[in-house]
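Comments concern the structure below.
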Amino acid sequence: MKHLLKLGDLGREEILTILNLADQLKYERKNGVFHPYLQGKKLGMIFQKSSTRTRVSFEAGMYELGGCALFLSNRDLQIGRGEPVEDTARVLSRYLDGLMIRTFAQQEVEDFARFGSIPVINGLTDYCHPCQVLADLMTIREVKGSFRGLKLCFVGDGNNMANSLLVGAVRMGMRFSIACPAGYEPDADLVAWGKENGDVTVTQDVGEAAEGADVLYTDVWASMGQEEEKARRVKAFAGYQINGTLMKAAKKDAMVLHCLPAHRGEEITADVFEAHAGEIFEEAENRLHAQKAVMCKLMK
């Protein structure tokens, strides 16, 4: 494991190793055990998309591991004024021990890893969100005890979250279903891979997707960069909502997850969100622990 560019780069055992370390780090933190495993290490954080959870969890995580994190916005770097990725990557590799990037194009993350000489972590692209799904898997295992026999259902846009959740579910042996309108399906190559290597269902029928689900998951209908599509998306996604009716199709003890921020009344109703707020905010906290585990594996 040299980088974390997309979840598909990791095998099942590598994911389990990260989750096990994340559990350890969470336990140590809650019990006041200081763990400066990255003492003196420096993480650069390039943000071309704004963030709450990604920035705070990585920055706080590096501090707790004994290192430091440098926030680098697109406005602060010469790359924002046309410097090639390959030059920026090679320069930053001389200063830093690791690099986290939250941006639009997956190719940009891949190029930083190609031209730099330090570990690169994908903090989010339009294609995938591996750090979030590692936190999701950590939360599912905490609540359900294992992944064996579980069904994970995603309701909404076949976006970066859906792409990474599909991979995570297949890697860990869970069944995966997604309900989305026509034209909003996950990446076609990932769907084909998932059907070949696991149990993956893509449907426009929300009830069918949620039937017997152990985990229901959703995300906003319009992600960052899609604000101009909001009105069209609201119309397209009408009915693709986690609500009390849909909860009845899932198992009685089904958990609900959301990568946040949540738009109550759109992709999820306020009552369902609050009923499962404990799970959702544990999921948000687990971003910290899962990412600390990733940084330890890559930078130590």
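Got a number for residues in the stretch 100-114 being touching a Gly at 6+ places or on another chain (Cβ under 7 Å) and either under 15 Å from Glu86 (Cα atoms) or among the charged types (D, E, K, R) (or both)?
Result for the stretch 100-114: 2.
Within the bounds of the stretch 31-40, is there any residue that is surrounded by fewer than 19 Cβ atoms within 10 Å (Cβ to Cβ), outside any helix (DSSP H, G or I), under 23 Å from the mean Cα position of the chain (by Cα) and at negative phi?
no
Of the residues Lys292, Lys230, Lys235, only one is among the basic types (Lys, Arg), in a helix (DSSP H, G or I) and touching a helix residue (DSSP H, G or I) at 6+ places or on another chain (Cβ under 6 Å); which?
The unique qualifying residue is Lys292.
For the stretch 53-79, which positions are at pLDDT below 95 and not acidic (Asp, Glu)?
Leu72, Ser73, Asn74, Arg75, Leu77, Gln78, Ile79
Sort out which residues of the stretch 56-93 are surrounded by 17 or more Cβ atoms within 10 Å (Cβ to Cβ), under 22 Å from His289 (Cβ atoms) and of a type in the set (Gly, Ala, Ser), and write them in order of number.
Once the filter is applied, which keeps residues that are surrounded by 17 or more Cβ atoms within 10 Å (Cβ to Cβ), under 22 Å from His289 (Cβ atoms) and of a type in the set (Gly, Ala, Ser), the stretch 56-93 yields Ser57, Gly61, Gly67, Ala69.
Looking at (1) closer than 21 Å to Met138 by Cβ; (2) within 16 Å of the chain's Cα centre (by Cα), can you tell me which one Pro186 breaks?
Pro186 satisfies every listed condition except (1).
Condition (residue is outside the structural domain of Ser57 (by TED's automatic domain parsing), in contact with a strand residue (DSSP E or B) (Cβ under 8 Å, 6 or more places away or on another chain), over 22 Å from Gly212 (Cα atoms) and assigned to a helix (DSSP H, G or I)) applied to the stretch 243-262: is it met by at least one residue?
No; the residues of the stretch 243-262 include none that is outside the structural domain of Ser57 (by TED's automatic domain parsing), in contact with a strand residue (DSSP E or B) (Cβ under 8 Å, 6 or more places away or on another chain), over 22 Å from Gly212 (Cα atoms) and assigned to a helix (DSSP H, G or I).
The values are calculated or read from the model by the stated rules, or taken from the named source; none is laboratory data. Not measured: the values here are computed from a predicted model. For neighbour counting, all protein chains shown are included, and Cβ atoms are generated from backbone atoms with ideal geometry for every residue, glycine included.
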